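Let me begin by presenting the structure, written as structure tokens, before commenting on it.
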Amino acid sequence: MTKEKAQKNYTASNINVLKGLEAVRKRPAMYIGDVSSRGLHHLVNEVVDNSIDEALAGYNDKIDISINKDGSVTVQDYGRGIPIDIHPEEKRSALEVVMTVLHAGGKFDKDSYKVSGGLHGVGVSVVNALAEWCKVEVNRNGKVYFQEYERGLPKADVKEIGKSKKGASGTKVTFMPDGEIFKTTKFNFDTLAARMRELAYLNKTITISIKDEIEDEEETFHFKGGIIEFVRYLNETRQPIHKPVYIEGEKDNVPVEIAFEYSNAYSDNIHSYVNNINTHEGGTHLSGFKTALTRTLNNYAYKNKLIKENSKITLTGDDFREGLTAVISIKVMEPQFEGQTKTKLGNSEVKSAVETMVNEKLAEYLEENPSAGKKIIEKCIKAAEAREAARKARDLVRRKNVLDSMHLPGKLADCSINDPEHCEIYIVEGDSAGGSAKQGRDRRFQAILPIKGKILNVEKAKINKVLENTEIKTMVTAIGAGIGTEFNVEKARYGKIIIMTDADVDGSHIRTLLLTFIYRHMRELVEHGKVYIAQPPLYKIKKGKEEVYAYDDDERDKVLKRFSGNGKADSLDENGIPKGVHISRYKGLGEMNPEQLWDTTMNPETRTVLQVTVESAAAADKIFDTLMGDAVEPRREFIEKHAKYANLDI
Ligand code: 28F
């Protein structure tokens, strides 16, 4: 290449970098999903994915993450370090290319270097573009290299800044998320830690440490047993009926790893992953697994006469999954993600790969472990019997028209318009709060359903008991989309289901019960983002004619500060409250009159509602199990750890 031509290329790639940066900063959501807290945390995952890839390539077994005092985040690995040599076409360091060129991964990626990769799999240059500043340090060839960027643009060329410690190599990236882009730039330790725990389970060779220099928290994750330990962890609150089954192998270029265990629970709990990404919506790998499970267990049951030839019972796929906790983790070179949230695997060749492998290895396992096999089949037969009993119970109630939305419950104050997209239902705890809500609402599009106290804990009840429960029947009828396997989200009579309970411990318990019910029996509502938690204020602060509501202690303190003329000491009373200021604490929704309830909690123009997401179904499921299951110890630990929030953040 002549010098002139190289020069030209260099300019051309500079222009491409600028164009790329502009595109990312103009439409960040296109690259990272959104600019809320979720998108913010996605930045860290994106960087960590690079370190995971380096681990999967066999060169890294440790990742350190820290939330720094200034609010920035550092991710460090001990892999080979990003190459720093000059890229012949681009005429600049490969490091600079990786950090600034969109989809640089793909450029080098002939041998598919990248296996891991976030949901959006966009690469670290996107993180760089959305960072106020970013610094990268590479240990390689015994030297330390450094480059720094502002909003994605290098401040100078890559430079050598010293010698590595003996034998040290790796990559360290520190970035400050850009406040001009993100609605919030505060990282949450628990959110990051949950993902790191999951990654550590899925990649058993890696040790991931995470610390928070602001909140002074620290955790290290390393699981020698990988997804076997993951399954045990998910089943911590249940009673397993056998030791986890582990299947591993590669078929048609698809590495497959599966661990599962049956417990005494009634629901199934299957988590599937492709390239470390949670495929919430399932896909071909999951259907391959399910098909093989049903077929192999069925064959085994008949072959070993565990089901009598003349038995009236036929086992369905659902019966073979009752009480099943499973983790499926596969790697696919070119995954096709489909579905509403792009978390459904579409690659058709994967189904038969997984199916064939599970058929083979599960049959082998059952031959070698007949006592586990027998217990599993007995459990599935019980499930079939219970299903039959539930069907009868359902037929009975249906005949009485109890679950029929033609007969809406008397307690429901329905809205007047008939367009689910624009209608919402408030499920309110207690008749008195229900009364306020009925008077305060906008009756055109807001429906109110008061429910009484603690509803049935569905985690501990069989499906026919669930269906007999009055409060639950009322909810099912009001929402109008059925229940369980017959649930159809398209029939839902409301676009938003908003749970409104008191801001105290009882309220939070009731909220958890309601969420458990919805999560277990109307999960699609959550998956479609239709479930919300109302956020009533905790305080009303009054000074003269001005009345302000505060939704948490921070906000209360800010208002108090403002009311005190920003902290002049002489204007405070003996409790530290500014003179002439009156604070009242709301405990129950019932303490607010209808107008206040509308202003603070129900008016769509001014309220905040928390959307319930299945961001990490594993984490959510864990919380439900911990709070709802039989095991007392984990529940106590959980409550102690989270007591200061006394609510459920999912
Ligand atoms: C804290 C974030 O980004 N770690 C990374 C590597 C290692 C290589 C690499 C990364 C191949 C040719 C571009 C090294 N030596 N942590 C990280 N570690 N990227 S990112 O290569 C990327 C492409 O240039 C690496 C040999 N092959 C690959």
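The values are calculated or read from the model by the stated rules, or taken from the named source; none is laboratory data. These numbers were taken from a predicted model, which means no experiment stands behind them. With ideal geometry, Cβ positions are generated from the backbone for all residues, glycine too; neighbour counts draw on all protein chains shown. We work out accessible area using only protein heavy atoms, side chains counted, and drop any ligands, DNA or RNA first. Shrake-Rupley method; radii C 1.70, N 1.55, O 1.52, S 1.80 Å.
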Margin query: Could you check the spin-label model distance between SER432 and HIS407? Points 7 Å from the Cα along Cα→Cβ, value in nm.
Written below: 3.3
Check: To one decimal place, what orientation-averaged projected area in nm² is obtained for the convex hull of the Cα set of the chain?
Finding: 34.8
Next item on the list: Show that you can apply the helix-only estimate: for the chain, add -39,500 (n - 2.57) for every DSSP H stretch of four or more residues, divide by all residues, and state [θ] at 222 nm to the nearest 500.
Entry: -12000 deg cm²/dmol
Margin query: To check my understanding: the extent here is largest minus smallest coordinate of the Cα atoms along each principal axis. What are those three numbers for segment 121-272, in Å, largest first?
Written below: 61, 39, 35
Check: Relative contact order of segment 461-575: what whole-number percent is it, with Cα pairs under 8 angstrom and at least 6 residues apart?
Finding: 16
Check: Can you give the accessible area of SER169 in Å² (nearest 10), computed on protein heavy atoms with a 1.4 Å probe?
Finding: 40
Note to self: So with the 1.4 Å probe, I'd like the accessible area per residue for segment 464-508, rounded to whole Å².
What the structure shows: 37
Note to self: Under 5 Å between amide hydrogens, which residues at least 5 positions from THR207 or on another chain qualify, with H placed 1.01 Å from N in the peptide plane?
What the structure shows: LYS62, ILE63
Item checked: Amide H contacts of ASP504 (H built 1.01 Å from N, under 5 Å, at least 5 apart or other chain) -> none
Notebook entry, point to check: When the accessible area of the chain is split by element with a 1.4 Å probe, what percent falls to carbon and sulfur?
Noted result: 49
Margin query: Over segment 223-282, with the other protein chains present, what is the accessible area per residue in square angstrom, probe 1.4 angstrom?
Written below: 38
Check: Over the chain, what is the relative contact order in whole percent, taking alpha-carbon pairs under 8 Å and six or more residues apart?
Finding: 9
